[in-house]
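Let me begin by presenting the structure, written as structure tokens, before commenting on it.
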Amino acid sequence: MPGKWFAGVTTQDVADHNTARAYCEGRRFAKEGKTTTMASGTTGVVASNNGLTWSSKAVGNGLGINIFTPDKASSALAVTVRGNQINISLATNSSKVAISTAAEVDSAVAANVAANALVNCSNTLTSTGAGVVAPQFVRLTGGVPAVQAGSEEASAFSAGIISWTATPKKRDNCDLQYGGGSA
């Protein structure tokens with residue numbers, strides 16, 4: 001039994017419909033001359049020289065930055081990515097106290113291929129990066145459009161923007177009206 005269609009795409013479930021809609025919304029967004037705003041967030045404190053600003057490199061909100069101190073003596077600074085979250089395990093001394101500075105965290109994120117593909121990290125305002133980073137979690141927000149980072153919709157929205165930029169006059173299925181069909 002046919003599903004509803006949007007923009008000339010026949011769908012059998014909501015995910016397909018949302019992806020098609022996101023693609024067309026991306027084209028319309030670019031056609032109207034709008035610009036994307038990447039999600040961002042901050043950790044640390046500028047006055048303590050450990051303030052870091054995190055900016056998403058992809059469309060969407062919701063990327064998490066999880067900075068934590070492992071319960072392990074003399075551990076090394078480590079950065080891992082799992083799904084929509086960057087985990088930063090701070091280096092510790094022999095007493096299990098965190099010793100990683102903001103500058104070291106910034107460098108470690110830049111050196112990690114997966115994390116670097118997701119975010120830019122930089123000192124916040126006048127923070128020098130010399131201060132030791134404290135455990136903290138921040139979810140990046142404020143991105144326009146307001147879609148979930150890493151989702152099919154975010155990818156489709158970005159593809160729509162790229163499509164419009166490459167071929168702005170091309171008429172495609174996005175020019176069709178939303179229509180019926182039986183569910």
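So which residues in the range 45-69 are in contact with a Phe, Trp or Tyr (Cβ under 9 Å, 6 or more places away or on another chain) and closer than 16 Å to residue 136 by Cα? Across the range 45-69, the qualifying residues are 63, 64, 65, 66, 67, 68.
Looking only at the range 86-138, how many residues end up being part of a helix (DSSP H, G or I) and in contact (Cβ under 8 Å) with a residue 60 or more places away in the chain?
Residues of the range 86-138 that are part of a helix (DSSP H, G or I), as a first pass: 102-111, 113-118.
Checking which are in contact (Cβ under 8 Å) with a residue 60 or more places away in the chain leaves us with 117-118.
Summing the residues that are part of a helix (DSSP H, G or I) and in contact (Cβ under 8 Å) with a residue 60 or more places away in the chain in the range 86-138 gives 2.
Report yes if residue 71 is within 15 Å of residue 135 (Cα to Cα), among the acidic types (Asp, Glu) and more than 17 Å from the chain's Cα centre (by Cα), otherwise no. So residue 71 passes the test.
Within the range 138-152, the set of residues being of a type outside the set (Ser, Thr, Tyr) and either in contact with an Asp or Glu (Cβ under 6 Å, 6 or more places away or on another chain) or surrounded by fewer than 21 Cβ atoms within 10 Å (Cβ to Cβ) (or both) comprises 138, 139, 142, 144, 145, 146, 147, 148, 150, 152.
For the range 63-76, the set of residues classified as modelled with pLDDT of 95 or more, out of contact with any Pro (no Cβ under 6 Å at 6 or more places or on another chain) and crowded, with 20+ Cβ neighbours inside 10 Å consists of 65 only. Of everything in the range 80-108, what is surrounded by fewer than 18 Cβ atoms within 10 Å (Cβ to Cβ), more than 15 Å from the chain's Cα centre (by Cα) and either closer than 12 Å to residue 134 by Cα or at pLDDT below 95 (or both)? Give them in sequence order. Passing the criteria: 97, 99.
The values are calculated or read from the model by the stated rules, or taken from the named source; none is laboratory data. Computed from a predicted structure; not experimentally measured. Counting neighbours? That spans all protein chains shown, and the Cβs are built from the backbone with ideal geometry, glycine included.
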